[in-house]
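Student: Before I ask anything, here is the structure I am working with.
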Amino acid sequence: MDAVAAGARLLGLAEVQWRSPVWNEGAVRCYDRLGAHAEEKLRCTLSVPG
């Protein structure tokens with residue numbers, strides 16, 4: 001993640017975003033330790049009949 005943040009900084013980005021399923025508790029703990037801020041988002045899908 002340090003390398004990702006460094007790359008983002010070089011590109012002039014203010015933040016990096018990624019997604020993780022809420023049931024992945026280990027990842028959520030890791031992201032918390034990194035100081036990441038979790039935001040609740042709604043993901044919708046629509047199946048298109050073929």
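Student: Using all Cα-Cα distances in the chain, what percent lands in each 10 angstrom bin from 0 up to the longest?
Tutor: Each 10 Å bin holds this share of Cα pairs: 19, 40, 27, 11, 3.
Student: Calculated from DSSP H runs of 4 or more alone, at -39500 (n - 2.57) each and per residue, what is the 222 nm mean residue ellipticity of the chain, nearest 500?
Tutor: Numbers: 2 runs with 19 residues, N = 50.
Value at 222 nm, helices only: -11000 deg cm²/dmol.
Student: Related question: Helix 25-34 versus the longest principal axis of the chain: what is the Cα-based angle in degrees, 0 to 90, to the nearest 10?
Tutor: The angle comes out near 30 degrees.
We did not get these values from a lab; they are worked out from the coordinates using the rules stated. Please read these numbers as outputs of a predicted model, since none were measured by experiment.
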